[in-house]
Each structure stands twice: as C-alpha cells, then as structure tokens.
Amino acid sequence: MKILVTGGAGFIGSAVVRAAIKAGHSVMNIDCLTYAGNKANNADVAGHKGYSFAQVDICDAGALARVFETYAPEAVIHLAAESHVDRSIDGPDVFIQTNIAGTVNLLQLSKAHEISKFVHVSTDEVYGDLGPHDPPFHPGTAYDPHSPYAASKAASDHMARAWHRTYGLPVVVTNCSNNYGPYQYPEKLIPVTLIKALAGEPIPIYGAGDNIRDWLYVDDHASALLAAAERGVPGQTYCIGASREQTNLNLARKICRILDAKRPRASGAYADLIRFVTDRPGHDRRYAIDSSKIETELGWRPQTGFENGLSKTVDWYLANQDWWQPLIDAGAAARQGQAAGKG
C-alpha cells in the first residue's frame with residue numbers, strides 16, 4: 001500500500017515507518033518536527049525508493065490537503081500527537097490543537113480522498129486507571145481520562161469513531177500500553193533513568209514508585225499497527241499490550257542492574273542513585289492491557305520478551321550517545337508537569 005504516516009519522525013512513528021518499508025509498503029512520512037520529532041530517527045530508510053518525507057503540521061489543513069493531492073495515499077496511520085502527560089499539565093492548549101483539531105483535519109481529508117483504511121493510534125490512558133486486582137483494559141472498557149493529555153486523546157478517539165459511524169470512513173482505533181525501545185525522546189521514564197544513571201545524577205522516581213505500567217517493545221507495537229492497517233476491521237478497536245506489568249521502581253532497578261553488568265560504576269551500584277520525588281498531579285495508579293482481540297482476530301502477538309527488550313534498549317542508548325546527548329544539553333530531561341494548583 002501507499003501509506004501516509006503522521007508523526008513518522010517520532011519514537012513510535014519512526015518504528016512504524018521502518019516496519020512498513022521493510023514489509024514492502026511505500027511511505028509518505030509527515031511530521032512537523034517539534035521538539036520530539038527528529039529526522040535522524042528515519043536515517044535507516046531515508047534513501048529508500050519507497051520513502052518520502054514532508055515537514056507538515058497536521059493543524060495546517062492547507063498543507064495537509066496538498067500532501068493528500070500529490071501523494072494520493074491508500075491508507076493512513078495516524079500517530080502525530082503531543083504525548084507527554086507532564087507537558088499537558090503545564091500547557092494543555094497545544095494538546096487540544098494537535099490531538100483534536102489536527103485529527104479532525106486528517107479525518108476530513110481522508111474522507112474526501114476515500115482512504116481505504118484510517119488507523120487512529122491512541123493510548124490506554126484514555127481508560128483512566130485500574131485497582132490492583134481489576135482486570136486489564138479491553139476494547140469495551142469505559143473511558144475515564146484523568147490528564148489533559150488523556151482527555152485530548154479520548155476526544156480524538158471519539159472523533160475518529162464518529163467519522164466512521166457518520167461518514168463511513170474505514171477507521172480502526174488502537175489503544176496501546178507504554179512503549180519502550182530505541183529513539184525514545186529522553187523525557188520518558190526509561191531513557192530518563194538510563195541517562196541520569198550514566199551521568200551519575202539522581203534518578204527521579206515519582207511518589208513511592210508503586211505506579212504500575214504495562215510495557216510494550218516499540219517494534220512489536222509497529223507490527224501491530226501494520227496488522228491493523230492491513231487486516232483491521234473498520235469500526236473495530238484493538239488494544240495492544242504485552243502483559244509486562246512493572247512498578248516504576250522495579251523497572252528503574254532492573255535498568256540499574258543491567259547497567260551494573262554492562263557499564264559498572266567506579267564505585268557503588270546505579271540503584272544507589274534512585275531518589276523519590278514529589279508525585280505527578282493526578283498520577284494514574286495502574287495500567288494493564290488485554291490484547292486477546294488483536295491476537296485472535298489479526299494474528300498479532302508481541303515477539304520481544306521484556307528482559308530481552310530492556311537489555312536491547314540499554315545497549316542502544318549506550319551505543320548512541322551522539323543521538324541523545326544534544327537533546328539532554330538542550331534540556332530534554334528537565335521535569336515538567338508541576339503546575340497543578342498554581343495561578
């Protein structure tokens with residue numbers, strides 16, 4: 001297929017681009033290259049005959065229209081979004097514009113150009129959080145978003161489903177768990193832990209570190225999204241996860257143990273650097289995903305074990321300091337999301 005990938009210079013988007021090219025599809029990658037977008041993430045495919053790139057903001061309907069007219073995509077995989085919860089706490093406006101208004105622009109143009117499949121990529125955060133013994137999120141779980149980010153993604157999910165129901169646009173919605181792997185912008189938990197540890201700086205853990213997330217290796221997510229584009233049933237929702245629940249504290253300790261083995265400190269263990277810091281406002285307690293629907297109906301299953309994926313991720317960050325160091329120097333790991341209660 002000719003696939004339009006939005007946000008394809010980001011962490012998950014670039015993995016989707018690489019997977020689509022490898023699978024034999026042609027890809028038009030559009031990304032407005034905000035702080036988290038990086039053309040270097042696409043270096044592996046930049047010279048491929050089936051790959052093209054345009055710097056386009058999905059909030060710019062005119063620029064988007066020109067892309068649809070010139071490229072004539074058959075399918076859209078929509079990942080472009082503001083995605084960091086902490087940033088949404090400090091500045092929700094850009095999340096509303098990009099995640100809701102930008103999505104509507106894409107839906108309208110996809111309808112006008114009779115796209116054969118629109119994969120709307122969302123998050124498990126739209127479902128709120130779970131108690132310690134609650135069953136995992138599934139496609140029928142009621143929405144209960146708790147952050148401006150989650151609320152903006154919930155709204156965009158509803159828009160996508162409305163365009164399917166009202167206009168017949170062949171929309172598939174996916175909701176995934178936390179991703180990890182190479183090229184993740186260093187504001188998220190795993191790269192922050194890695195980079196702080198390597199610098200010998202305090203490793204910040206929110207609250208008591210007992211918040212639980214379900215971790216999915218990014219290449220497994222990319223293969224699931226391609227399955228949704230190729231075989232997903234319009235009007236259906238697929239939850240994507242790997243059933244790898246970890247507390248944030250346990251995850252940080254695992255990373256520290258891997259670093260102890262691969263690049264030991266001069267003295268002491270990396271876990272000695274862990275420090276508990278003031279919790280994020282409204283921090284959800286637990287996420288977990290039931291992936292049985294996409295496994296049964298589309299034949300997708302995660303291929304990367306958590307320990308193996310985490311080790312590969314550490315190896316990538318150890319080998320690619322030239323990718324992440326300039327981002328750190330520009331303030332990428334500075335904490336956001338402490339604005340609650342101010343003003």
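The values are calculated or read from the model by the stated rules, or taken from the named source; none is laboratory data. Source: prediction; values computed, not measured. Here the Cβ positions follow ideal geometry from the backbone for every residue, glycine too, while neighbour counts run over all protein chains shown.
Quick notes on this one:
- Test: residue in the stretch 156-170 that is surrounded by fewer than 20 Cβ atoms within 10 Å (Cβ to Cβ) and among the acidic types (Asp, Glu): no
- Condition met for Pro148 (farther than 26 Å from Asn41 by Cα and in contact with a Ser or Thr (Cβ under 7 Å, 6 or more places away or on another chain)): yes
- Here Ala46 meets the list (1) under 22 Å from Trp324 (Cα atoms); (2) in contact with an Asp or Glu (Cβ under 8 Å, 6 or more places away or on another chain) almost entirely, failing just condition (2).
- Filter result for Val171 (more than 26 Å from Ala40 (Cβ to Cβ), hydrophobic (A, V, I, L, M, F, W, C) and under 21 Å from the mean Cα position of the chain (by Cα)): yes
- The stretch 241-260, subset in a helix (DSSP H, G or I) and in contact with a strand residue (DSSP E or B) (Cβ under 8 Å, 6 or more places away or on another chain), residue nearest to Thr166 (Cα to Cα): Asn248
- Test: Thr98 is out of contact with any His (no Cβ under 6 Å at 6 or more places or on another chain), polar (S, T, N, Q) and surrounded by fewer than 19 Cβ atoms within 10 Å (Cβ to Cβ): no
- The residues of the stretch 14-31 that are more than 17 Å from His221 (Cα to Cα) and either surrounded by 24 or more Cβ atoms within 10 Å (Cβ to Cβ) or at pLDDT below 95 (or both), listed by number, are Val27, Met28, Asn29, Ile30, Asp31.
- Scanning the stretch 183-205 for any residue that is at pLDDT below 95, buried (at least 23 other Cβ atoms within 10 Å of the Cβ) and either more than 15 Å from the chain's Cα centre (by Cα) or more than 26 Å from Leu298 (Cβ to Cβ) (or both) turns up nothing.
- The residues listed here are Pro145, Pro132; of these, the one that is within 26 Å of Ser243 (Cα to Cα), at pLDDT below 95 and part of a loop (DSSP other than H, G, I, E, B) is Pro132.
- Complete set of residues in the stretch 43-53 that are in contact (Cβ under 8 Å) with a residue 12 or more places away in the chain and more than 23 Å from the chain's Cα centre (by Cα): His48, Gly50
- Verdict on Val119 being surrounded by fewer than 23 Cβ atoms within 10 Å (Cβ to Cβ), out of contact with any Lys or Arg (no Cβ under 8 Å at 6 or more places or on another chain) and touching a residue at least 40 places away in the same chain (Cβ under 8 Å): no
- Annotation: Glu74 fulfils all but one of (1) surrounded by fewer than 18 Cβ atoms within 10 Å (Cβ to Cβ); (2) out of contact with any strand residue (DSSP E or B) (no Cβ under 6 Å at 6 or more places or on another chain); the unmet one is (2).
- Among residues of the stretch 130-150 being out of contact with any helix residue (DSSP H, G or I) (no Cβ under 8 Å at 6 or more places or on another chain) and free of Cβ contacts under 8 Å to residues at least 24 places away in the same chain, the one that is surrounded by the fewest Cβ atoms within 10 Å (Cβ to Cβ) is His133.
- The single residue among Val126, Val85, Val56 that is farther than 21 Å from Gln336 by Cβ, crowded, with 17+ Cβ neighbours inside 10 Å and either without any contact (Cβ under 8 Å) to a residue 24 or more places away in the chain or in contact with a helix residue (DSSP H, G or I) (Cβ under 9 Å, 6 or more places away or on another chain) (or both) turns out to be Val56.
- Scope the stretch 206-249; condition hydroxyl-bearing (Ser, Thr, Tyr) and either under 19 Å from Gln303 (Cα atoms) or surrounded by 21 or more Cβ atoms within 10 Å (Cβ to Cβ) (or both); matching residues: Tyr217, Ser223, Thr237, Tyr238, Ser243
- Counting only helices (runs of 4 or more DSSP H) that sit wholly inside the stretch 148-240, not one has at least 3 residues that are aliphatic (A, V, I, L, M) and on the phi > 0 side of the Ramachandran plot.
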